[in-house]
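Quick notes on the structure that follows.
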Amino acid sequence: MSVPLSWYLFLAAALFCIGLYGVLARKNAIAMLLAVELMLNAVNINLVAFWRYLRPVQMSGQVFAVIVIAVAAAEVAVGLALIISVFRRRKTVMADEIDLMKW
Amino acid sequence: MTTLIWLLPLPPLLAFFAITLFTNKNRALSHGIAVGAAGLSWLGSMIVFIRALGIEEFGKHFFESALNWLPVGEAWFQVGVRIDPLSAVTLFFVAWTVLMIFIYSIGYHNYGQPKGDDDHAGLPPHGKTVTEHGHKHTVPSIEPMYSRFFAFIGLFAFGMFTLVVSNNLLTMFVGWEIMGLCSYLLIGFWYGKPSARNAAVKAFMTTRVGDVFMLLGIAYLYSATGSLSFTDIFRPEVLEALAAASTPILGLSAAGLIGLLLFIGTVGKSAQWPLHIWLPDAMEGPTPVSAMIHAATMVSAGVYAAIRMFPLLSLDSGTMTIVAFIGAFTAIFAASIAVAQNDIKRVLAYSTISQLGFMIAALGIHAYVAAAFHLITHSFFKALLFLGSGSVIHGMEHGVMHTGEHSVDPQDMFNMGGLRKKMPITFWTFLIGGFALSGFPVLTAGFWSKDEILADAFAHGHWGVFLTLAVAAFFTAFYTMRQITLTFLGQPRTKAAEHAQETTWTMTLPLIILAVFAVSFGWVGIPEHFPLLGNILPNWFHEFVGGTLVEIPEVPAFSWIPLATSLFVALGGLLLGWLVYRKVKTPAQDRLQIPVLKNKWYFDEAYDLLFVKPSIWIAEKFTSLYMDRTIIDGILHSAARFSLSLGHFFRDRIDKPVINELLGDGTGNAVKTSGSGLRKIQTGRIQYYMVVSMVVLIVFAVLYFFLFS
Amino acid sequence: MNFLYSHILSLILFIPMLAAVLVLFLPKDNLKVIRWTAFGSSLVPLVLTILLWIQFKPGVDGFQFTEQATWYAAINSSFHIGVDGLSLTMVLLTTLLTPIALLASFNITDRVKTYMFLFLFLETGMLGVFLALDLLIFFLFWEIGLVPMYFLINQWGSEKGERILWKGIKMEARSYASLKFILFTMAGSLGLLLAIQMIGVVVGHFDLVKIFSDPNWLNSSNLVKIGALTLSVGKVKTIAFWAFVIAFAIKVPVWPFHTWLPDAHTEAPTAGSMILAGVLLKLGAYGFLRLVLPLYPAESEKYAGALAFLAVMAIVFGAFASYGQKDFKRLVAYSSVNHMGFVLLGIAAAAKVAGTLNANIALNGAVLQMFNHGLSAAGMFFLVGVIYERTHTRNLDDFGGLFPLVPIYGGMLIFTSMASLGLPGLNGFVSEFLVVSGAWSVLTIYTAIAMLGLLFTGAYILKGIKSVLHGPMNEHWAHGEHKLTEINLREIIVMAPLMVLILVIGIYPAWILDVINKAMMMLYR
């Protein structure tokens, strides 16, 4: 009855693509941040799936997933702070309008 | 005794230092010190002289003392003093003339007169205007540099005494040059006058020509014999060695060449042709200076040196011929110029040159004693004549100031005339001096000494010298009488001459004393065979001075021919001079004012063209400008220029284009252009970057997949 | 006392340098303290030198009061100093002239501290050359002396004037002069350094005493050490000889290397000219006597004629050039060329007949002439400085008839001029006479030609006196703000020791000549 590994992988790939699409296509920085979260979670699914199916005795897969979650949390915190800071100065969160680094 | 001789030159030197350093503000003290010093030296000289007279064969047992002066290798070069018969008699006349001239200078420089109205140091005093009995007139004023004069003549006397007492050529040369310096300083005493300043330089430079040769001669002698003391040099074996050694110059022996070099020094110092040009100009100095330096002592020192070196000179007949020629030629040459001069002092200057020529000529024909005799008598009467002329000038100046006719030259004889009544003492003493110079028979000293020279020339068959000197002696008598006639006889030709006045006793006393010697000194050297007089007085001078040499030279046999000649030329010349000039009133009436004589045979001009101008050209243009600045510095600057252009080449052709532009700037520019191209892709949009990086990732992944797996 | 005598040379050598450093720590604005400190401390070496002179034993062979310390052991160079009669004379000249020059510099108001520092530093440099017994030390001090002099000319030199180099290129006169001075000397030093290195490599050390003791110091066996050179011993020696000669000839200076001298002397400050003429020129002549003649006797003999030729050219052309000058200081500067020519003439004569009595006489004359020229040239430059300071002109045509205004100055000028002219009774005559009589039989023709220079010595000296003191008075200096003031007490004190020595040596030269004579006899047997 078990679900084969590939299904998880497909799910993760789909999720990753949605995230990728979000990052590249959305203009809103918050939405981009959300999309990044999707991609991270796609990776988590992969990590957990591989751990469960290939090396269930070892803890490393789970540990990686936990680290990714922790990093994602930190990243969101920093990312949101930056976006708020940008918003305060430029009154916008649209990525193509934040082009201070342009030559 | 030798201690006293060592001390002889010192008082005047100390006087010089005392006056320059301490007493120059106090005139009376200054001249007191100077005259006192001259007096001390005089006293010492007389003691030495009298002691010398008392010694049998003094020529062999002379006074000598020496001490170590310069260390040379293992040995010492010694200097010392020596009084032998020659230097004893020289000392005698030097001491007398020096003392007389010192005393004379007091009066000459107007001691006791007020300070001038606008007198300046460096110019002769112009006189002071005083108001007496309600009307103004000018009286002579005191010399502004009174003390300095006495300091200088003090130093001069030191030089002269040093020269006389030296036992060697080196200290003799020291005295010689110190006198040269004093001569320079005293000719240029009134240095504010350009003529005096130029005359001083001319005198120093002309005599220095001779001195330089003399120094060479001394150096030669020293390296040849290893000594400079007369005692060593005149040893027969040394002289023989010198006479035997040959030199490449003129075929002379070493002795001859050394003698010639030393003699050139004499030519310069005693103003012999061709170095005679300085002496007439030297008359720019005050008259006591002319009397002392340029008549009695310094120029005589030249002859003294030649007489002193006679044992060496006489070794080579070639040198002796040159000496005799120069002496005889100078005697007649200078006498010819003297007849056309109008300045009272210049006549005497040329006369001095001429008389010194007599002595040199005498030396050249081996008439050793005659030369020394004439040297001494000449010193007395020429000093007398110069001091007399100074007295005349002084009297004339008094007249000029009294009348206020400042255009009248007090030295021009044509402005004088009739002074015998105004200035009797000066006249009689001048007459004695003039007659002595002319060789007035029997009475005067000049006759005996000149006669001895002629007799010597005649006896030894030197016809050329004999005739030349006879003619010169005739000229001498002629111009002397011309001078006496124009100055003292006849009637005054100017107002100034009418108001001329006899000078003070400090000036006339020396005249009288010197006049005594101008007459009497001849009596010590009357030849034994002279008719009548020969037996009355012994020929002391010949015995005494001749004793200086190893063998006393024999007295020439008596002959009537030279005696008749000297009688004829002396009396004839005097008579002719009186006959011609008693009528002459102005220079225009004087038929001897021939341009060539007046202009001294154009020697000044010729020397100027031949030596002075080229030297100045070499100095100002050739050496400093062309050689140093243009050639040497030019080479340096070219090197600098070359280095500079080499540097520019490296900078402009290599550093700048290749290293700076190609390598340095090129790299930078390449980075810059590529950067500015690449920066186009930096849009600043995060999503653009993400797409790019994803595309790149995919591309690399695909590449990796196909190429490496 | 023992310590004093065993280290007296080091003390003489380094006290000026210590004093120089001390001067740096003094307050900048208190000129009086700086001046007196510098002057006072320069008297110490003089006193020590006089002590040294008293203690020195002229007849003893070799060097005395030697000191040796390790310095650069890797190449066998040690700090070795000592004196003999030759260097002692020169040391006395240096330590005598430095205080005099410092006293003469009391009128300097611009950067006094640096000035005094450089001057004292210079003294150490000069003394070092005279004292060194090690070739490397010799070279070291040789170069040390250059630097302060360069700055003294460059910074304190006369402010006026410029020199046209070539079309369109001009340079400030003092920069030109200082540059010329240093470039000339450096050019000579180059050869000197190479030649010294060659000696060092060949013999394995730089110690002069040891080199002197081995007359055969350069031979074919040790020449191999130089390696790739395939020259013969004779050629190597000739090249090294000329390297030394040119270095020293530039310093003396000998015609045709002399053109730096008139520029440098003219532009330098008064005291700088005094030291330049008084001591620095002697370094060159000292080099000839200390190194060239003893190290290369054969070559010296061979080329003595050439040296004499150069010397005579210097004598004659120096005199002529001097006579041609319109600038009083330049006139005096050229007179140095003339006078130093006699030193070289004496050296050339001695080189030709080393060991004979004539050589000894000529050398005595040459060394005494060095000392005498130091006195008279320093005096002359100072007197020119005195009148320049008052009138701000050196052009002879601007003066005239100044004697009544400045009688004391005039008397001193005549006195010193006469010493320079070589008047018998003053010092110059003794040395010139010795040189001439030593050289006469050796180099007859050259000596005879040199007399032409001696004649013109008179001409230029008299030209100076004539233009400055004699003649109609130039009224410009007689009244008002330009009124010429008489020489002051300080200046008289500067001149006094020079004049006294000039007279003393002229009258009784034996006290100094005895030391020189014995040294010369032992040095060149």
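The values are calculated or read from the model by the stated rules, or taken from the named source; none is laboratory data. Since the model is a prediction, treat every value here as computed from it, not as a measurement. So basically every Cβ, Gly included, is an ideal-geometry build from the backbone, and we count neighbours across all protein chains shown.
Quick rundown of the values:
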{"quantity": "Residue match in the range C:460-468 (condition: at the interface with chain B (Cβ under 10 Å from one of its Cβ atoms) and assigned to a loop (DSSP other than H, G, I, E, B))", "calculated": "no"}
{"quantity": "Close pairs from the range B:542-555: first more than 21 Å from B:F63 (Cβ to Cβ), partner hydrophobic (A, V, I, L, M, F, W, C) and part of a helix (DSSP H, G or I), Cβ under 6 Å, at least 6 apart", "calculated": "B:H542/B:V369"}
{"quantity": "Near pairs, Cβ below 6 angstrom, 6+ apart or cross-chain, from the range C:177-196 (buried (at least 19 other Cβ atoms within 10 Å of the Cβ)) to any residue that is among the polar types (S, T, N, Q)", "calculated": "C:S178/C:N154"}
{"quantity": "Helices (runs of 4 or more DSSP H) contained entirely in the range B:1-65, each with at least 1 residues that are over 17 Å from B:I83 (Cβ atoms) and not β-branched (V, I, T)", "calculated": "B:10-18, B:27-53"}
{"quantity": "Options B:P614, B:P595: the member that is exposed (fewer than 13 other Cβ atoms within 10 Å of the Cβ) and over 30 Å from B:I484 (Cβ atoms)", "calculated": "B:P614"}
{"quantity": "Evaluation of C:L405 against (1) farther than 27 Å from C:A247 by Cα; (2) within 11 Å of another protein chain (Cβ to nearest Cβ); (3) assigned to a helix (DSSP H, G or I) (one fails), failing number", "calculated": "(3)"}
{"quantity": "Unmet requirement for B:Q272, which otherwise passes all of (1) in contact (Cβ under 8 Å) with a residue 60 or more places away in the chain; (2) of a type in the set (S, T, N, Q); (3) in a helix (DSSP H, G or I)", "calculated": "(3)"}
{"quantity": "Enumeration of residues in the range C:469-505 that are more than 28 Å from C:F39 (Cα to Cα) and part of a helix (DSSP H, G or I)", "calculated": "C:E475, C:H476, C:W477, C:G480, C:E481, C:H482"}
{"quantity": "Test: residue in the range C:332-342 that is surrounded by fewer than 24 Cβ atoms within 10 Å (Cβ to Cβ) and in a helix (DSSP H, G or I)", "calculated": "no"}
{"quantity": "Close pairs from the range A:68-88: first without any contact (Cβ under 8 Å) to a residue 24 or more places away in the chain and assigned to a helix (DSSP H, G or I), partner surrounded by 11 or more Cβ atoms within 10 Å (Cβ to Cβ) and of a type in the set (V, I, T), Cβ under 6 Å, at least 6 apart", "calculated": "A:F87/A:V93"}
{"quantity": "B:I33 being surrounded by 21 or more Cβ atoms within 10 Å (Cβ to Cβ) and β-branched (V, I, T)", "calculated": "yes"}
{"quantity": "Number of positions in the range C:131-183 that are among the charged types (D, E, K, R) and touching a Phe, Trp or Tyr at 6+ places or on another chain (Cβ under 6 Å)", "calculated": "3"}
{"quantity": "Identity of the residue in the range C:151-185, touching a strand residue (DSSP E or B) at 6+ places or on another chain (Cβ under 9 Å) and assigned to a strand (DSSP E or B), that ends up nearest to B:A640 (Cα to Cα)", "calculated": "C:L165"}
{"quantity": "Search result, residues across the range B:311-326 that are part of a helix (DSSP H, G or I) and more than 8 Å from B:G364 (Cβ to Cβ)", "calculated": "B:P311, B:L312, B:L313, B:S317, B:G318, B:T319"}
{"quantity": "Options C:S322, C:S335, C:S376: the member that is within 12 Å of chain B (Cβ to nearest Cβ) and in contact (Cβ under 8 Å) with a residue 40 or more places away in the chain", "calculated": "C:S322"}
{"quantity": "Those residues of the range C:129-147 which are closer than 15 Å to C:G284 by Cβ and assigned to a helix (DSSP H, G or I), in sequence order", "calculated": "C:V129, C:F130, C:F138, C:F139, C:F141, C:W142, C:E143, C:L146"}
{"quantity": "Residue list for the range B:677-701, restricted to those being facing chain A (nearest Cβ under 8 Å) and polar (S, T, N, Q)", "calculated": "B:Q682, B:T683, B:Q687"}
{"quantity": "Subset of the range B:618-648 that is among the hydroxyl-bearing types (S, T, Y) and at the interface with chain C (Cβ under 7 Å from one of its Cβ atoms) - its residue that is farthest from C:T259 (Cα to Cα)", "calculated": "B:T623"}
{"quantity": "Residue within the range B:215-227 that is under 16 Å from the mean Cα position of the chain (by Cα) and more than 8 Å from chain C (Cβ to nearest Cβ) present", "calculated": "no"}
{"quantity": "Residues (surrounded by fewer than 22 Cβ atoms within 10 Å (Cβ to Cβ), within 8 Å of another protein chain (Cβ to nearest Cβ) and assigned to a helix (DSSP H, G or I)) located in the range C:434-450", "calculated": "C:A448"}
{"quantity": "Some residue of the range B:445-454 being over 30 Å from B:L99 (Cα atoms) and either modelled with pLDDT under 85 or in contact with a helix residue (DSSP H, G or I) (Cβ under 9 Å, 6 or more places away or on another chain) (or both)", "calculated": "yes"}
{"quantity": "Matching residues, the range B:177-203, being more than 8 Å from chain C (Cβ to nearest Cβ), surrounded by fewer than 24 Cβ atoms within 10 Å (Cβ to Cβ) and among the β-branched types (V, I, T)", "calculated": "none"}
{"quantity": "Considering residues of the range A:65-79 that are more than 25 Å from A:F50 (Cα to Cα) and among the β-branched types (V, I, T) only, the residue farthest from the chain's Cα centre (by Cα)", "calculated": "A:V78"}
{"quantity": "Boolean, B:W69 is outside any strand (DSSP E or B) and either of a type outside the set (K, R) or modelled with pLDDT of 90 or more (or both)", "calculated": "no"}
{"quantity": "Single residue of the range C:471-523 satisfying the filter (among the acidic types (D, E) and buried (at least 18 other Cβ atoms within 10 Å of the Cβ)) that is farthest from the other protein chains (Cβ to nearest Cβ)", "calculated": "C:E491"}
{"quantity": "Out of B:L509, B:L489, B:L533, sole residue that is under 23 Å from B:A335 (Cα atoms) and surrounded by fewer than 24 Cβ atoms within 10 Å (Cβ to Cβ)", "calculated": "B:L489"}
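So that you can scan it fast, the table gives a plain yes or no per residue for (1) under 14 Å from the mean Cα position of the chain (by Cα); (2) modelled with pLDDT under 90; (3) within 29 Å of C:I505 (Cα to Cα):
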residue: C:T94; (1), (2), (3): yes, no, yes
residue: C:A101; (1), (2), (3): yes, no, yes
residue: C:D110; (1), (2), (3): no, yes, no
residue: C:L118; (1), (2), (3): no, no, no
residue: C:E123; (1), (2), (3): yes, no, yes
residue: C:V129; (1), (2), (3): yes, no, yes
residue: C:A132; (1), (2), (3): no, no, yes
residue: C:L136; (1), (2), (3): no, no, no
residue: C:F139; (1), (2), (3): no, no, no
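Rundown of residues vs (1) surrounded by fewer than 18 Cβ atoms within 10 Å (Cβ to Cβ); (2) within 14 Å of chain B (Cβ to nearest Cβ), yes/no style:
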{"residue": "A:S6", "(1), (2)": "yes, no"}
{"residue": "A:A12", "(1), (2)": "no, no"}
{"residue": "A:L24", "(1), (2)": "yes, yes"}
{"residue": "A:W51", "(1), (2)": "no, no"}
{"residue": "A:L54", "(1), (2)": "yes, no"}
{"residue": "A:V68", "(1), (2)": "yes, no"}
{"residue": "A:F87", "(1), (2)": "yes, no"}
